[in-house]
Number of protein chains: 2
Amino acid sequence: VLVSTSPLTQPELGASIFADLSPAELRAVRSFLLSQPELALASGHRDTLAKNSLFLVELQVPRKTQALQYLEGGGPRPQRQARAVIFFGEQAEPNVTEFVVGPLPRPSYYRPVSYPGRRPIPFAARPMSQLEYELLHRKLAEVTEPLYQLLRETTGFWYHNCSERCLTFSDVAPRGLAPGERRSWLMLQRFVEGYFLHPVGLEILLDHRARDPRHWAVQQLWYNGHYFASPEELAWRYQRGELAVGRPPPANPALLFSTYLPRGHFSTGTRTDVHGAKVCEPQGKRYWVQGNLVEYGGWHLAVRLRSSAGLQLFDVRFNGERLAYELSVQEAVAFYGGSTPAAMQTKYVDAGWGMGTVAHELAPGIDCPEVATYLDVHHLYDAEGPVRYSRALCLFELPTGVPLRRHFNSNFRGGYHFYAGLEGQALVLRTTSTVYNYDYIWDVLLYPNGVLEAKVHATGYIHASYYTPQGLRYGSRVQRDVLGNMHTHLVHYKLDLDIAGTGNSFETVEMRFENISNPWSAGERVVQSRLHRRPRRTERQAAFPFGTALPRYLMFYSPSQRNRWGHPRSYRIQYSSQADRVLPRGWKEEKGIAWGRYHLAVTRRHEREATSSSLYAQNDLWEPTVDFEGFIRNDENIENQDLVAWVTVGFLHIPHAEDVPNTATPGNAVGFFLRPFNFFDEDPAVASYSPVIVRPLDPAFARVEIQRWTPASPGPCVSPEPFRYNGTYWEE
Amino acid sequence: VLVSTSPLTQPELGASIFADLSPAELRAVRSFLLSQPELALASGHRDTLAKNSLFLVELQVPRKTQALQYLEGGGPRPQRQARAVIFFGEQAEPNVTEFVVGPLPRPSYYRPVSYPGRRPIPFAARPMSQLEYELLHRKLAEVTEPLYQLLRETTGFWYHNCSERCLTFSDVAPRGLAPGERRSWLMLQRFVEGYFLHPVGLEILLDHRARDPRHWAVQQLWYNGHYFASPEELAWRYQRGELAVGRPPPANPALLFSTYLPRGHFSTGTRTDVHGAKVCEPQGKRYWVQGNLVEYGGWHLAVRLRSSAGLQLFDVRFNGERLAYELSVQEAVAFYGGSTPAAMQTKYVDAGWGMGTVAHELAPGIDCPEVATYLDVHHLYDAEGPVRYSRALCLFELPTGVPLRRHFNSNFRGGYHFYAGLEGQALVLRTTSTVYNYDYIWDVLLYPNGVLEAKVHATGYIHASYYTPQGLRYGSRVQRDVLGNMHTHLVHYKLDLDIAGTGNSFETVEMRFENISNPWSAGERVVQSRLHRRPRRTERQAAFPFGTALPRYLMFYSPSQRNRWGHPRSYRIQYSSQADRVLPRGWKEEKGIAWGRYHLAVTRRHEREATSSSLYAQNDLWEPTVDFEGFIRNDENIENQDLVAWVTVGFLHIPHAEDVPNTATPGNAVGFFLRPFNFFDEDPAVASYSPVIVRPLDPAFARVEIQRWTPASPGPCVSPEPFRYNGTYWEE
Ligand SMILES: [Ca+2]
Ligand SMILES: [Ca+2]
Ligand SMILES: [Ca+2]
Ligand SMILES: [Ca+2]
Ligand SMILES: [Cu+2]
Ligand SMILES: [Cu+2]
């Protein structure tokens, strides 16, 4: 039975080796580490950053060789281990260190791990914590005191000692211009419903690098188009009347433009206060969830949510054959352009914001259909213990609205030989990440014909800045005071495809024209398309930078296994993306997202190249902990090897008035399809008993035979009427 | 009340001026023309092509100026007129002529119309008729008589005098190599369920240009890789044992690979003999159909099906404002490569096959949800009277499965400020075209936020040829005897956008990097993105050939109307396509599909440039009746003009084993979005009363306020449980 609280670990299942740590396991790791005196971990809250704190505990995924040995029946069950991240703030050389802790459930060892070719992780590269935000908030209250009068009079809101008409702030990243810096531009906003769209025109550069917040200081301010050295200078100019003040606070509007409250009306009579079309399940669920194992229509996979980047699938099989060892989100970034300092500084790199942990409750009937299955997850991230995220994942069968396949076989004389169709459904596996203002909706769709689709929708609030006329070079004015700044979204996926085994090769196929003599008409020429195959033998040959067209057929195949018709068994990646680079290659912060140089890079798999990004990319883009370019630089041979496809998708987002109150999902989805290409001998969806075939039984087409294996009527949730079909067309 | 047989004409509605002709109107036009002695139209069947026959009658769409005057309230209702196509086979100079006939319902005049700059339509350019097929069939029976023994012994099937084990044929086009020719390669196939996948290795070139079928003759044959001058030569070689015969007929297999009958099984326990997820409507339909008028969520449009190319929408409005005067399918082509003469000759141009008339019955629960609304249409195409196509169109509200927008507003401390979401639904308007083997599924989706999506899915049988090893340069072997030939699908849409009026301009916007000095850190440089706008002032500047990247923002705007925030009111076309050219520019048959040179061309609208293709393109690609390049050649100014966007989408299809039995829809859809861009002042979906907003009511998040305008429970079709939400995440 499907229970929304079904734990993600069920030790009897193979999939469970990939399951996220249970609350008990998380607690055990935490207790174990806290009991190690040499780690000197502080427990509980202390209002200083000069302490050692356990920031993150999550599953340490087993090594692939061990996992495969276990899954294929021969090997022992891999030990369960954890990965722990400790902020060592109380040391002479403060740093961040990652540890592997095991074995679970009763840990007895821990050992530091390092990223290849990399010194210790700089303390300044660490993600923000709740404590640091709290300290920032207090500092901001302090430094904005001199601005009370300015803020109150010109915006109607203020920061310190506020209760009703409060300001809040959004911080942008990276936090400086070079490694080691930690100074953030903070944009002040009215704290109303949808405050992301309510900048007041004040941005403050606060240096918060010191572990002791008493050493923090404002370095600069920007107000309504001008820079100031200190809050005092700004306040003084205001008092002297020398300031070009911002637009006055809006007269109390009937309705806040940033809310979801309905306003206006559709000119058509469409009623929207009643429920529209829904997903229903007349005969129950056709998928199966047990712990972290999902099965549907030939598909089998294990699921977890990484704290850094979220969705991570393992052991993705179709009809028992592994297609991918891993399919996971690695990173999501949004790089902006703007005229205010905060906007021009904004290069969000979301794994550094715990993108996998901001998977909040999915609302039934809105975020997923009412009939979906909802699963809880646990994270231990910047917390004293495991935190339960209720309904963080959902699964449901989606009626795609389009048949999987169909054909009407006409006789061209008013009748037909047969009609056949197979209804279209897919299992959707979904989670979201609300990274501050933005909401990503992460989907994996499983179709019963061996096609997998991964995609992400963008919604939520845009990251906006205070409107000044200079801003129009970078976006649209979307409200009186609000500029929607242009930005590029890029999302990175890891796809450890194992196509008919781990030994794979890669080639691209395009169409080329050939010009040949016409074999049946002497002297005539035929120009036609033919296949143009390009084997890609090394990593560099298989890295496709932006700015060049990506070949349309990207084929991963087994050089040893062939299908019944003699073709190498292959799967293909097909893109749905409008991505392009976000910065010139090698430019400062671009080094931190080197994966964003390529539509696709295919590398030889290495355990030490597990991820293309890290928790630390956001705050150290200049000298990133994970150097993705290094995966390719040795230009290894990739023939008959264990390959990984690194897939970048994205789109250019120029905000417009219709992004208020929120960016809408239609048209804002990117992703890719994984499609079989001669992997099978025929469409594997022929195994489905859901098709309907109709054949006329007499020459007049008056009676038909309806051949089907599902009930004629799906039952009460749709319509009690049984299926009927005639197929003829006739002269009247 | 919605009735599946609701006629498409309801004279009291503005939309009705675009409604297809009713059966009575079609009959009236036919009777009127048959009564004109100078047309000398033959009624009834006569087994000759040397006769004058009325091939097609359909609506003659009113001129735009008249239609707009009427729709905007000032002008008279435009006369209803018909367009009639007559094949003049009984004249000294046989030709095809088109006539306008009116006024309906009692015609009193007819006058010939011509395509601009074009001589009469050549007789050889006409589409095939049922009669011509019947005559081809008889001829084929006759000419294959000498091959009886060969066919029977080597394939197990034969053509003439067959009853059980019959052969059939597929004809390819164009029918020759130059204007005026009419000689078709016919591929012989076993007549079994899914005969398109059963070529026997015999292809016959039959000249059927003469109006008198007694003059028709076989010109060449291809059998199993070799060419022969006549059936007799082939038969003689066979009898002498000199022939490399094809593979023997397959031993009677348990199951035909080309059927939809289930076989094999999914390794997972998934039951497929029960119904999966469905679309249901707990509170009824939220859209409105009356005659040919459709309304939903702010949208309003008129619909019809052209006989040549199918779906054609007029007067597409959102909240009363016209966005497009016309949105229509113009053409669909598939150009192939291959090693057999039929395969290398195949350049299907589907309007010439009456693509709009092959809109056959949609099966409820498969082609559209059970709860969809189905509409009948009538065509008079190659028939003695109106033919009713039952359930040729369907409409339904689709739960997209993803919210239109949503945001979780975290407090980052286990609670939240609010959650808000708006469920995702769209109205789908659908028809299909089964062009022989292939089934196109044509969709227009209307989203309540002013976004329109047009897309086409490809399914049905691939066009396949007899497998020989030479074929592998052009595709995959997909069964023992079957090669799936590579081809490019291109689809052409006409989009007469009228964005805030008919006076529109067009510009493209891309992202460019700028390198500026950092305004807050002396000596530092900032590289960031900014908008790069390029006004496109003439038709040539606004034509984007394949081979160059299409800018990502394609903006149609009113140069005079601005939204509340000062931006020109704009709509944007966003592509979902993998198209590329099908032949080198100017190469022979490429001239017939000059529209296929461009991702997008924007032209000044002219009444005489109503369509980019015609019924005659297929059989006269070399000297096409409609010369699309001519629309651009005069390079008119397109600033503040009535513009038309011509949109080409498509994909490269390299068939693979999984295309058997049929190409599946997942991943095989292309199309475009029409998206508002500062057209409105905010998201117009704020008018919907379907959002749900949840706010915590106490600091402990124990109680919540759920603000909504729809019932808490959608009712019995999904789940009786009311909506609930909590939103907190907590330490355990
Ligand atoms: Ca490498
Ligand atoms: Ca691999
Ligand atoms: Ca022109
Ligand atoms: Ca126009
Ligand atoms: Cu965005
Ligand atoms: Cu195709």
When only Cα pairs under 8 Å and 6 or more residues apart are kept, what is the percent relative contact order across chain B? 13
List the residues of the stretch B:317-355 for which accessible area in the full set of protein chains is at least 30 Å² lower than for the chain on its own; 1.4 Å probe, protein heavy atoms only. B:N319, B:M344
So for the stretch B:386-448, averaging the separation of alpha carbon pairs under 8 Å that are six or more residues apart and normalising by length, what relative contact order in percent results? 32
Checked the stretch B:628-723 against the a/c 1.5 cut and the a/b vs b/c comparison, axes a ≥ b ≥ c from its Cα gyration tensor; verdict oblate
Per-residue SASA entry for B:K588, accessible area with 1.4 Å probe, Å² rounded to 10: 50
Could you check how many percent of all C-alpha pairs in chain B are farther apart than 51 Å? 20
A 1.4 Å probe over the protein heavy atoms gives chain A a carbon and sulfur accessible-area percentage of 50
Does any residue of the stretch A:393-407 lose at least 30 Å² of accessible area with all protein chains in place compared with its chain alone, and if so which ones (probe 1.4 Å)? A:L398, A:P399, A:G401, A:V402, A:P403, A:L404, A:R405, A:R406, A:H407
What number comes out for the charge environment of A:P386, summing +1 per Lys or Arg and -1 per Asp or Glu over other residues with Cβ under 9 Å away? 0
Would you mind giving the average projected area, over all directions, of the Cα convex hull of the stretch A:93-136 in nm² with one decimal? 4.8
Cα centroid separation - the stretch B:696-732 against the stretch B:200-226, whole Å: 71
Mind checking how much accessible area A and B bury in total, 1.4 Å probe, in Å² rounded to 100? 18600
Using a label position 7 Å from Cα in the Cα→Cβ direction, what is the ascending list of nm distances from B:T48 to the same site in the other copies? 11.0
How would you order B:18-27, A:371-380 from highest to lowest mean count of nearby Cβ atoms within 10 Å? A:371-380, B:18-27
Cα gyration tensor category, rounded, prolate or oblate, for the stretch A:305-372 with a/c compared to 1.5: oblate
Looking only at other chains, what is the average number of their beta-carbon atoms within 10 angstrom of each beta-carbon in B:664-677? 6
Where a Cα-Cα gap under 17 Å defines reach, which aspartates and glutamates qualify for B:K51, not counting those fewer than 8 residues away within the same chain? B:E38, B:E90, B:E93, B:E98, B:E132, B:E134, B:D212, B:D382, B:E384
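Shielding of B:296-309 by partners, i.e. mean partner chain Cβ atoms within 10 Å per residue?
For this peptide, the per-residue mean of nearby foreign Cβ atoms is 2.
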How big is the gap, in Å, between the Cα center of the stretch A:267-281 and the Cα center of the stretch B:252-283? 30
Using the crude model of +1 on Lys and Arg Cβ and -1 on Asp and Glu Cβ, and no other charge, please compute the dipole size for the stretch B:515-669 relative to its Cα centre, in debye to 20. 1000
Helical contribution to [θ] at 222 nm, DSSP H n ≥ 4, -39,500 (n - 2.57), averaged over chain A, rounded to 500: -2500 deg cm²/dmol
Taking all pairs of distinct Cα atoms, average 1/r, flip it, and tell me the Kirkwood hydrodynamic radius of the protein assembly as shown in Å to one decimal place. 33.8
Rounded, prolate or oblate: which fits the stretch B:464-550 when a ≥ b ≥ c are the square roots of the eigenvalues of the alpha-carbon gyration tensor, with rounded for a/c under 1.5 and prolate only if a/b beats b/c? oblate
In this model, which of A:K347/A:K588; A:K139/A:K591; A:K285/B:K285; A:K455/A:K494; B:K139/B:K588 are farther than 20 Å apart at the alpha-carbon? A:K139/A:K591; A:K285/B:K285; B:K139/B:K588
Would you mind counting up the charge near B:A426? Only other residues with Cβ under 10 Å from its Cβ, with Lys and Arg at +1 and Asp and Glu at -1. -3
Place the label 7 angstrom along Cα→C-beta at A:S517 and in each other copy, then list the distances from the first to the rest in nm, shortest first. 7.1
at A:A700 the sorted inter-copy label distances (label 7 Å from Cα on Cβ side), in nanometres, are 7.7
Relative contact order, percent, of the stretch B:452-527 when contacts are C-alpha pairs under 8 Å separated by at least 6 residues? 16
Which of B:P112, B:V644, B:P213 sits farthest toward the positive end of the charge dipole of chain B, with +1 on the Cβ of Lys and Arg and -1 on the Cβ of Asp and Glu? B:V644
Whole-Å distance linking the alpha carbon centroid of the stretch B:518-597 with that of the stretch B:398-427 is 32
Regression test value, accessible area per residue of chain A, probe 1.4 Å, units Å², expected 31
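The values are calculated or read from the model by the stated rules, or taken from the named source; none is laboratory data. Treat the numbers as computed from the prediction; the structure is a model and nothing was measured. Glycine gets a Cβ as well: all are built from the backbone with ideal geometry, and neighbour counts include every protein chain shown. Side chains are part of the model used for accessible areas, which takes the heavy atoms of the whole protein and leaves out ligands, DNA and RNA. Shrake-Rupley method; radii C 1.70, N 1.55, O 1.52, S 1.80 Å.
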